[in-house]
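Remarks on the structure that follows.
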Amino acid sequence: MSTNSPATPAATHADDILRLVDPAGTLNEQAAAGMLDVTDELVRALYRDMVLGRRFDQEAYSLQRQGELGLWLMSLGQEAAQAGSIRALRADDRVFPSYREHVAALCRGISPAELLSQWRGASHGSWDPERYHFHIYSLVLATQTLHAVGYAMGVRYDAGDSVVFTYFGDGASSQGDANEALNWAAVTSAPIVFFCQNNGWAISTPASKQYAGPLSERAKGFGLDAVSVDGNDVLAVYAATQRMVERVRTGGAPGFIEAHTYRMSGHSTSDDPGRYRDSAELARWEAHDPVERVRLLLTARGWADEDYFAAVASDAEELAAQTRQECRAIAEPSLSDTFRNTLCEETEALRREREGFETFEESFL
Amino acid sequence: MTSTAAAGSARKDAQDKGSTTTLGRALNEGLRQAMRDDDRVVLLGEDIASLGGVFRVTDGLAVEFGDRVVDTPLAESGIIGTAIGLALRGYRPVCEIQFDGFVYPAFDQIVSQLAKMRARSRGLLRLPVTIRIPVGGGIGAVEHHSESNEAYFCHTAGLRVVACGHPQDAYDMLRAAIACDDPVIFYEPKRRYWDRAEVDLGRPVDGDTVGRARILLEGADVTVVAYGPTVAVALSAAEVAAAEGRSLEVLDLRSLSPLDTTELCRSASKTGRVVVVHEAPVNVGLGAEIAATVMEHCFYNLEAPVERVGGYNVPYPPARAEGDYLPDLDRVLDAVDRVCAP
Ligand SMILES: Cc1ncc(C[n+]2csc(CCOP(=O)(O)OP(=O)(O)O)c2C)c(N)n1
Ligand SMILES: [Mg+2]
């Protein structure tokens, strides 16, 4: 098991991986100086995003265990990668997520009900992508990276100044679509940034079985500008994303960010990570917790006091209660609506089938 | 057998006429008009810009429309995947798949992404993407260049699938497909690209051309249902049958999904005998759906079981054997004999 274990960012090629705050909460002033204006408001806001995101994920996990959700894919451990990246974007920068970007989605204002609907079996996607500039989740790995590139081509046609941003995983990086997307983006100079959350695992397959050379090197080979960051360091992620996105916005080559993070839960509520990874690995990564180091930084700097932490904790509890309540109130789906939504106008054939279905159902009333 | 004899004679007839347009040219004019009408129409494909596509269907469009005609990297999944993204941005992409056998690398993007995204978004998103595919055999090509894969896409909810069989329809249907807000798989019968007919290029966009079947020839005894490349085969079968005293009605399906059940059943009920002709293998092909539809709706008007004439259930054969594989005049007339047998 251990031979396959993903190394913590501290352990391998640490020199190439951008880090601003270490696990003890110490800010590397020198490194930060050139990149980011580290203000107390910024750090507090990112801390709050992460705490709320974590609490939401935990509540959704419980809801699954209690039978309210069919499945849940946990984001535990990836809060910094997600909050740090999404908060560095402009509100109209279009995001194409994978399926685990709950923290990023919450930051964009997507509601708990909208996020849970799919996992409750009430829809396949429930929020309006236009409203949040955040596309619905993609479950077929890496497919969204191509949609993102096409959307970015459209931004280019429109001479727009928004940047397209797409999330995918270390496992998804092996898909043909991901590699077609990287190449396509480079060839067309589309205004896009790829954000790979390398959380060490694709279900039970360790990242070491996905690639032999660093993903950021592969991206460079395609002609993209690429960086690696400590994905559990929210300030590093924020700084790297901001820098990359602004560079792309002003006409630079498409970008690639590899965020080294860790999936602290199983792949999903159906997974049993005990079959393929040991608890020592989890313990190693717990020492790199993304939320804890920010709490330490806030405390050390005197940027937040106990009242602040208590207030955030109470907001998180409120979100959890709201999540539970919204989840149970999600409307049941209707098959009739699916007939109507299959094509822009319900065809005669669909209408006939729907009416047949409805007549059959009514015969039981 | 003489699979291309009918096509050959149809081509010669057409060439003898005055001011005519080939089916390929009609498609080209359709694209040009669609791009003039709507500057959100963009073309994506392999070798479509300076070359004009391997069949020259996009000939000259890059000159007129510049970067709206995109020579893409050689990546079919990428062509459809980026078209989806462009559609989400408000564009109306028209993709060219170079040959039928090369659509499979894009299968997931078509079937799981393009087809489902509207339903997945509960009707919020529109995906007006047209996918043009040269289809079928009869040109003596190497393998992977002669396939008829419409059944895969007809089986997929969320897609419209159409096939043109005639130059005027090529023009009208392509414009209607591009104007349609749903994803459309648009099949172009590649051995008919050079067929000629008079084409009215001034017609307005008519959605019915991609939704409705059309009777090309009225008849009383047997309905021959065809689409795309087999339309010409059906027409020449009707000609020969007429000489033998049999009156065939030729129904050009045009829309393969959804099926125009109304027109199909009207004709089937009238003649009581139906022969379906397509190049795709008969096994689980569109003919099966047509036969079942006719059986469900017109059972008591039928005089004989529906006959299917199509490819055999084998991989598409080498070019020198394709004449035996493709449904030709003789096989259609043979099936007509069977449904007419007392
Ligand atoms: C094309 C495809 N193959 C297989 C799956 C099943 N599957 C779902 S998630 C997953 C692992 C993906 O790992 P990664 O890309 O690293 O993302 P993570 O789950 O770690 O966030 C697999 C194999 C899928 N969704 N899509
Ligand atoms: Mg992973």
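Would you mind putting B:307-316, A:170-179 in packing order, based on average other-beta-carbon counts within 10 Å, highest first?
Listed from highest to lowest mean packing, they are A:170-179, B:307-316.
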- request: Whole number in Å², please: accessible area per residue of region B:12-210, 1.4 Å probe, ligands, DNA and RNA not counted.
  value: 33 Å²
message: What distance in nm lies between label points placed 7 Å from Cα along the C-beta direction at residue B:38 and residue B:269?
response: 3.5 nm
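What's the whole-number percent of alpha carbon pairs in region B:167-234 lying beyond 15 angstrom?
Percent of Cα pairs beyond 15 Å in region B:167-234: 59.
Using only protein heavy atoms and a 1.4 Å probe, how much accessible area in total is buried between B and A, to the nearest 100 Å²?
Between B and A, the summed buried area is about 3400 Å².
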task: For region B:12-210, just list the percent of Cα-Cα distances falling in each 10 Å bin from zero outward, please.
output: 9, 38, 39, 12, 2, 0
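What order do you get for B:124-134, B:255-265, B:199-209, A:65-75 when each peptide is scored by the mean count of other beta carbon atoms within 10 Å, highest first?
Taking the mean over residues of other Cβ atoms within 10 Å, the ranking is B:124-134, B:255-265, A:65-75, B:199-209.
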message: What is the angle, in °, between the Cα long axis of helix B:286-298 and the longest principal axis of the Cα atoms in chain B? Nearest 10 is fine, range 0 to 90.
response: 60 degrees
Bridge type composition, chain B - antiparallel percent by DSSP, nearest 5: 15 percent
- prompt: In degrees between 0 and 90, to the nearest 10, how far off the longest principal axis of chain B does helix B:76-88 point, with axes built from Cα atoms?
  reply: 70 degrees
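Once you average over the residues of A:177-189, how many Cβ atoms of partner chains fall within 10 Å of each Cβ?
4
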Solvent-accessible heavy-atom area per residue, rounded to whole Å², over region A:2-333 at 1.4 Å: 36 Å²
field: Protein accessible area in region B:214-340, 1.4 Å probe - carbon and sulfur %
entry: 51 percent
message: Need one number: nm distance between label points at residue A:315 and residue A:286, each 7 Å from Cα along Cα→Cβ, rounded to one decimal.
response: 2.7 nm
task: Quick one: plug the Kirkwood hydrodynamic radius of region B:266-342 (C-alpha pairs) into Stokes-Einstein at 4 °C, 1.567 mPa s, and report D in µm²/s.
output: 99 µm²/s
Approximate shape of region A:211-353 as ellipsoid semi-axes (Cα gyration tensor, √5λ), whole Å, largest first: 37, 29, 21
- prompt: Where does each of B:34-41, B:284-291 land if you order them by average Cβ count within 10 Å, highest first?
  reply: B:284-291, B:34-41
message: Need the list of aspartates and glutamates near residue A:220 for cross-linking: C-alpha distance under 13 angstrom, and skip anything on the same chain fewer than eight residues off.
response: A:258
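To the nearest 20 Debye, how big is the dipole of region A:236-321 about its Cα centre, given +1 on the beta carbon of each Lys and Arg and -1 on that of each Asp and Glu?
In debye, rounded to 20, region A:236-321 gives about 640.
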- request: Mind grabbing the base-10 log of I(q)/I(0) for chain B at q = 0.14, 0.15, 0.16 Å⁻¹? Debye formula, identical points on the C-alpha positions, no solvent, two decimal places.
  value: -1.10, -1.26, -1.41
query: With chain A treated as a Gaussian network of Cα nodes joined by springs under 10 Å, which of A:168, A:309, A:256 yields the largest mean-square fluctuation?
result: A:309
- prompt: How much FRET efficiency would the formula 1/(1 + (r/R0)^6) give for residue A:359 and residue A:30, where r is the Cβ-Cβ distance and R0 is 56 Å, rounded to 0.05?
  reply: 0.15
- request: Give, as ranges by residue number, the residues of region A:106-149 whose backbone N falls under 16 Å from the point 7 Å along Cα→Cβ of residue A:332.
  value: A:120-123
field: Proximal aspartates and glutamates relative to residue B:190, as straight alpha-carbon distance under 15 Å, when same-chain residues fewer than 8 apart are discounted
entry: B:96, B:100, B:143, B:147, B:150, B:169, B:279, B:322
- line: Rounded to the nearest Å, the spacing of the alpha-carbon centers of region A:308-365 and region B:152-227 is 37 Å
- request: Taking every Cα atom in the protein assembly as shown, find the radius of gyration and the maximum pairwise distance Dmax, and write them in Å.
  value: 29.2, 100
Gyration tensor (alpha-carbon) shape descriptor, region A:96-182, a/c threshold 1.5: oblate
query: So in the protein assembly as shown, what percent of DSSP beta bridges are antiparallel if you round to the nearest 5?
result: 15 percent
task: Compute from the Cα atoms of region A:2-333 the Rg and the Dmax, the latter being the longest Cα-Cα distance, and quote both in angstrom.
output: 18.7, 54
- prompt: Largest first, what is the accessible-area ranking of B:322, B:143 with a 1.4 Å probe?
  reply: B:143, B:322
message: I'd like the accessible area for residue B:248: 1.4 Å probe, protein heavy atoms, all chains in place, Å² to the nearest 10.
response: 10 Å²
- request: For residue A:209 and residue A:161, compute 0.36 nm times the residue count separating them, minus their Cα-Cα distance, and round to one decimal in nm.
  value: 13.5 nm
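The values are calculated or read from the model by the stated rules, or taken from the named source; none is laboratory data. Nothing here was measured: the structure is a model prediction, and the numbers come from that model. Cβ atoms come from the backbone with ideal geometry, glycine included; neighbour counts cover every protein chain shown. Calculation scope for accessible area: heavy atoms of the full protein, side chains included, ligands and nucleic acids excluded. Shrake-Rupley method; radii C 1.70, N 1.55, O 1.52, S 1.80 Å.
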